[in-house]
1. Under the condition of being at pLDDT below 80 and farther than 17 Å from B:Val129 by Cα, which residue from the range B:62-80 is farthest from DNA strand C (Cβ to nearest atom)?
2. For B:Arg78, are the conditions met, namely being more than 16 Å from DNA strand D (Cβ to nearest atom) and in the same structural domain as B:Glu124 (by TED's automatic domain parsing)?
3. Among the residues of the range A:25-39 satisfying the criterion of being more than 13 Å from DNA strand D (Cβ to nearest atom) and surrounded by fewer than 18 Cβ atoms within 10 Å (Cβ to Cβ), which is nearest to A:Gly61 (Cα to Cα)?
4. Just checking, does the range B:40-53 include any residue being away from DNA strand D (no atom under 14 Å from the Cβ) and buried (at least 17 other Cβ atoms within 10 Å of the Cβ)?
5. Test of understanding: among A:Val213, A:Val182, A:Val174, which residue is at pLDDT 90 or above and more than 24 Å from A:Lys90 (Cα to Cα)?
6. Could you tell me whether B:Leu55 is closer than 30 Å to B:Glu29 by Cα, within 16 Å of DNA strand C (Cβ to nearest atom) and of a type in the set (A, V, I, L, M)?
7. Which of the residues belonging to the range A:203-225 are assigned to a strand (DSSP E or B), surrounded by fewer than 20 Cβ atoms within 10 Å (Cβ to Cβ) and either of a type in the set (S, T, N, Q) or under 15 Å from the mean Cα position of the chain (by Cα) (or both)?
8. Select from the range A:79-100 the residues that are surrounded by 14 or more Cβ atoms within 10 Å (Cβ to Cβ), under 30 Å from A:Thr116 (Cα atoms) and not hydrophobic (A, V, I, L, M, F, W, C) and list them in ascending order.
2 protein chains.
Amino acid sequence: MTLWQSIADLLRAEIARGLWPPGTRLPAEADLAARFGVNRHTLRNATRALADEGLLYSRQGAGVFVAASPVDYPLGDRVRFHRNIELAGKVPGRALDAVMTRPSDAAEALALGLATGERVHVAEGVSLVDFRPVALFRTVFPADALPDLARHLRDIQSITAALAACGIADYRRVSTRVTARVADAAQAARLQIDAGDPLLRTEAISEAGGRPVERGLTWWVAERVTLTLPHVS
Amino acid sequence: MTLWQSIADLLRAEIARGLWPPGTRLPAEADLAARFGVNRHTLRNATRALADEGLLYSRQGAGVFVAASPVDYPLGDRVRFHRNIELAGKVPGRALDAVMTRPSDAAEALALGLATGERVHVAEGVSLVDFRPVALFRTVFPADALPDLARHLRDIQSITAALAACGIADYRRVSTRVTARVADAAQAARLQIDAGDPLLRTEAISEAGGRPVERGLTWWVAERVTLTLPHVS
DNA sequence: ACTAATTTGTTCGTATGTATG
DNA sequence: ACATACATACGAACAAATTAG
């Protein structure tokens, strides 16, 4: 049992018994370090462990804070976020954080059948269900094949509609890969969860007319979503 | 972009292009720090980030190693573990920890179309790929419909073969649900990972002749497996 | 709107403990 | 046993983000 571990245990117990309710700011690192009589590094080891567990999250310049049932989401050939959520009787929503055009990285190029460095449009944002964030997404599109898409993405705020405006009336998933990861502090803050909470990560490639049109990465809050698979009968 | 981030990117790229194949030991932290002209703490920030991503892992006293790349595991209608892994060019294996017959709980009964409390056979164990654990499984079967299954499960050590011995020549998945959890201490020990590491959890129900024959829970080590979905074309 | 104080994040330096080979 | 290498810990300073005034 190392020093930082016992400090983490102590803080965990204090949080568990309600001494620091969810949302409250802990004393500054320097103060806490002084309280335990340790170096600030040592204290940070402890708070980092608790942040990994999802008990705490920190914001540079602001402080360290105490962090405060899943929707079924079918993964089929023709996945449309809004429709899926509406079918589940919930209110879908999206917040688009950024739309940009930049050179593709190796993984993006491979997925879209481009050469690395060919330009892609990128849309990033948060997906909401009943006004709560359920997922982060980063979707890339081939920029040369869809030159006007970036503008449409900014105007229309819906990926399906923006693609339709570029003449892509229909597209289908051809590949979906699922893995899991724990949320880092940045993802946790965006998703209003705790760092260390598990995320489901899906990578989907969609095609229209036999050519890749979209490669979507989505990080789902595992506590709020269950992915369901179609099985043909 | 901090110093340690650019170092992490550089190392990630080097690993991606095969300069450090899976299983190899990286140069000592001090050497790597010297190579990049930074303090060892700074280098450790980079390797810690890569370890969080699952690309590296470190063993005190031994070194920092490149993690093995994850196995692709296709989730189709007719999922067979051994076949899937062999098709991926790996060596499949199973360790059966326990076979028992006991009353079903509510979730098991619902999945198998039984009344809560009706007896089920349960098989628990670890799935291996290339002699490394990749998943924990707990599979339950209706005991009344398959009275001899428990004995076969103990003798045969393969679920597919044990079902065949009970006259179930073929079965198909009718439902698969995917979510994610973090490993607790017990799971971590069985899977040779750390508590808090992310797990993919799948719940699958299989039927034969229109009746449920199997409800399987599997906890996959997210770092060691990627679930892939079939898409009919 | 701007400044200053506060707070976390990163980086350097140094030393000692502990597991591995 | 010994050397190597990672883990932990202390000290100091500056950068970057936030917040209070």
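1. B:Asp77
2. Values: more than 16 Å from DNA strand D (Cβ to nearest atom): yes; in the same structural domain as B:Glu124 (by TED's automatic domain parsing): yes.
Taking the combined requirement at face value, the residue satisfies it.
3. Filtering the range A:25-39 for residues more than 13 Å from DNA strand D (Cβ to nearest atom) gives A:26-27, A:31.
Now restrict to residues that are surrounded by fewer than 18 Cβ atoms within 10 Å (Cβ to Cβ): A:27, A:31.
On the way: A:Pro27: 13, A:Asp31: 15 Å.
Across the range A:25-39, the extreme among qualifying residues is A:Pro27.
4. If we filter the range B:40-53 for residues that are away from DNA strand D (no atom under 14 Å from the Cβ), which is where we start, we get B:53.
Next, only the ones that are buried (at least 17 other Cβ atoms within 10 Å of the Cβ) stay: none.
Within the range B:40-53, not a single residue is away from DNA strand D (no atom under 14 Å from the Cβ) and buried (at least 17 other Cβ atoms within 10 Å of the Cβ).
5. Numbers: A:Val182 fails: at pLDDT 90 or above; A:Val174 fails: at pLDDT 90 or above.
Unique residue meeting the criteria: A:Val213.
6. Details: closer than 30 Å to B:Glu29 by Cα: yes; within 16 Å of DNA strand C (Cβ to nearest atom): no; of a type in the set (A, V, I, L, M): yes.
It is false that B:Leu55 is closer than 30 Å to B:Glu29 by Cα, within 16 Å of DNA strand C (Cβ to nearest atom) and of a type in the set (A, V, I, L, M).
7. A:Glu203, A:Leu217
8. Within the range A:79-100, A:Arg80, A:Arg94 qualify.
The values are calculated or read from the model by the stated rules, or taken from the named source; none is laboratory data. Just so it is clear, the model here is predicted, and its values are computed rather than measured. Don't worry about glycine lacking a Cβ; one is built from the backbone with ideal geometry, like all the others, and counts go over all protein chains shown.
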